[in-house]
Amino acid sequence: MKSTLNLPPILLILAILGLWHCQPEKQPEKGLKDYYQAYFPMGVAVSPYSLDDSATVKLILSQFSSLTAENAMKMGPIHPHQDTFRWEPADKIVAFAEQHGLKLRGHTLCWHSQAPDWMFVEGDSQRVSKDTLLARLENHIAAVAGRYSGKIYAWDVVNEAISDAPDEFYRNSIWYEVCGEEYIAKAFEYARKYDPAAKLIYNDYNVFDSAKCEKIYQMVKSMREKGVPIDGVGLQGHWSVYGPSEDQLRRTLDRLSGLGVELQITELDISIYQKEGTRREKRDTDIDVFTPELGQRQIDTYDMIFRVFRDYKDAITSVTFWNISDKHSWLDNFPVRGRKDYPLLFDQDHQPKKAYNAVVNF
Ligand code: G3I
């Protein structure tokens with residue numbers, strides 16, 4: 001057999017085999033982080049336990065470039081007693097992020113929920129004094145922000161300080177009851193002092209509600225004017241196939257962009273149920289089936305949301321999903337314990353859902 005390249009056939013075969021062998025490994029599938037590289041980092045909230053499962057780790061590493069500790073860095077879990085810190089769960093997440101070159105968001109240095117009881121009690125009296133509470137807050141932030149200084153690029157410093165009630169500005173938490181609004185400024189000042197490089201974020205939910213959005217806008221604006229180091233606003237993004245509308249989302253992003261600070265989507269999930277504010281028991285009428293029409297609504301919702309996010313890429317500096325896949329969501333137990341939800345882009349087997357295609361095909 002005459003070879004076309006005037007090469008003895010055996011050499012031609014060896015050449016072809018050699019070329020074939022040099023073929024680069026099949027490129028790993030692109031993930032969310034790759035599709036959105038030109039827009040913003042795509043992140044996910046994790047527990048330390050989720051990092052023990054190889055399939056979960058594979059999904060995290062292929063899809064995301066940023067992590068948030070779902071619970072491990074909160075005040076109660078990490079500082080359960082005045083002289084006791086539980087570093088291991090948070091350390092595990094930090095080590096995983098460092099090992100894999102992932103960005104890390106800290107969550108959260110000051111919150112009324114999951115705060116340890118000891119924080120608010122002093123001596124025999126039930127309520128701590130303002131000076132003592134602020135000293136404890138500084139000690140907490142010094143320890144936690146100090147330990148992870150340089151490893152966390154953005155901290156949710158204060159979480160959910162604004163009230164949902166139309167006739168209230170600040171949430172009437174124990175923090176506010178004891179310190180007034182001063183605890184908010186102090187938390188940011190302490191965070192800057194003990195982790196000077198981190199972006200300091202004010203984080204809240206229902207931010208698309210125009211009244212709440214306006215309160216957040218006014219608080220951040222006035223505090224920044226007084227020199228409080230707030231670098232950004234976190235919009236949690238616990239939304240639903242029933243809202244917010246595109247118009248509500250755009251109006252919120254337009255208003256908050258006017259602050260000239262970073263906007264971060266910090267806890268995105270799209271529930272298949274109407275939002276309810278308070279916890280309740282499951283009823284016979286609660287049907288927790290992910291029907292085709294709910295699937296289509298979720299596709300349309302994610303499609304709209306990420307179209308809007310892309311339009312605001314100059315203001316939005318990160319998007320983080322709250323939990324990894326429909327295998328587990330905090331929404332499976334809130335507001336209705338035991339009512340399964342399907343809020344994320346990956347199904348219970350960690351496979352991309354149709355909504356994933358809507359997010360990446362643009
Ligand atoms: O760790 C304990 C465990 O030892 C105990 O056996 C178990 C019994 O109930 O509770 C476990 O703690 C739970 C914790 O999650 C860790 O799983 C708490 O009960 C439970 O209340 C807690 O829920 C977290 C919730 O915040 C608390 O408000 C959710 O996982 C977490 O996803 C959720 O996240 C918040 C954000 O931090 C702030 N924005 C709202 C968002 C949803 O509420």
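The values are calculated or read from the model by the stated rules, or taken from the named source; none is laboratory data. None of the values given here were measured: they were computed from a predicted structure. Positions of Cβ are backbone-derived with ideal geometry, glycine not excepted, and every protein chain shown enters the neighbour counts.
Which ones in the stretch 292-326 are among the aromatic types (Phe, Trp, Tyr) and under 15 Å from residue 242 (Cα atoms)?
Here is the first cut: in the stretch 292-326, the ones among the aromatic types (Phe, Trp, Tyr) are 302, 306, 309, 312, 321-322.
Listed by number, the list holds a single entry, 302.
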>> Given the criterion surrounded by fewer than 15 Cβ atoms within 10 Å (Cβ to Cβ), under 20 Å from residue 264 (Cβ atoms) and either away from the ligand (no atom under 15 Å from the Cβ) or without any contact (Cβ under 8 Å) to a residue 12 or more places away in the chain (or both), identify the matching residue among 288, 314, 349.
In response: 314
> Here are 264, 248, 274, 296: which of them is in a loop (DSSP other than H, G, I, E, B) and at pLDDT 95 or above?
Replying inline: 274
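Out of the stretch 40-56, which residues are crowded, with 16+ Cβ neighbours inside 10 Å, hydrophobic (A, V, I, L, M, F, W, C) and either free of Cβ contacts under 8 Å to residues at least 40 places away in the same chain or more than 16 Å from the ligand (Cβ to nearest atom) (or both)?
40, 42
Can you name the residue in the stretch 291-307 that is among the aliphatic types (A, V, I, L, M) and out of contact with any Lys or Arg (no Cβ under 6 Å at 6 or more places or on another chain) and is also surrounded by the most Cβ atoms within 10 Å (Cβ to Cβ) among such residues? First the steps, then the outcome.
Going residue by residue through the stretch 291-307, those that are among the aliphatic types (A, V, I, L, M) are 294, 299, 304-305.
Narrowing the set further to residues that are out of contact with any Lys or Arg (no Cβ under 6 Å at 6 or more places or on another chain) leaves 294, 304-305.
Working: 294: 16, 304: 15, 305: 22.
So, considering only residues that are among the aliphatic types (A, V, I, L, M) and out of contact with any Lys or Arg (no Cβ under 6 Å at 6 or more places or on another chain), the one surrounded by the most Cβ atoms within 10 Å (Cβ to Cβ) is 305.
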> How many residues are touching a helix residue (DSSP H, G or I) at 6+ places or on another chain (Cβ under 9 Å) and not in a helix (DSSP H, G or I) if we restrict to the stretch 185-203?
Replying inline: 4
> Say we look at the stretch 117-138 and pick out the residues that are small (Gly, Ala, Ser) and modelled with pLDDT of 95 or more; which of these is farthest from the ligand (Cβ to nearest atom)?
Replying inline: 129
>> Can you find, within the stretch 232-264, the residue that is nearest to the ligand (Cβ to nearest atom) among those that are free of Cβ contacts under 8 Å to residues at least 60 places away in the same chain and within 22 Å of residue 196 (Cα to Cα)?
In response: 233
> Within the stretch 152-184, which residues are part of a loop (DSSP other than H, G, I, E, B) and of a type in the set (A, V, I, L, M, F, W, C)?
Replying inline: 152, 161, 165, 169
> Do we have any residue at all in the stretch 326-346 that's part of a strand (DSSP E or B), within 24 Å of residue 59 (Cα to Cα) and within 16 Å of the ligand (Cβ to nearest atom)?
Replying inline: no
>> Tell me yes or no: at least one residue of the stretch 101-116 is farther than 17 Å from residue 190 by Cα, touching a His at 6+ places or on another chain (Cβ under 8 Å) and within 16 Å of the ligand (Cβ to nearest atom).
In response: yes
> Restricting attention to the stretch 299-325, which residues are within 19 Å of residue 350 (Cβ to Cβ), assigned to a helix (DSSP H, G or I) and under 18 Å from the mean Cα position of the chain (by Cα)?
Replying inline: 302
> Which is more than 28 Å from residue 36 (Cα to Cα) and of a type outside the set (D, E, K, R), of 228, 261, 308, 241?
Replying inline: 228
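Among the residues of the stretch 63-70, are any modelled with pLDDT of 95 or more, surrounded by 17 or more Cβ atoms within 10 Å (Cβ to Cβ), acidic (Asp, Glu) and within 16 Å of the ligand (Cβ to nearest atom)?
Within the stretch 63-70, one or more residues are modelled with pLDDT of 95 or more, surrounded by 17 or more Cβ atoms within 10 Å (Cβ to Cβ), acidic (Asp, Glu) and within 16 Å of the ligand (Cβ to nearest atom).
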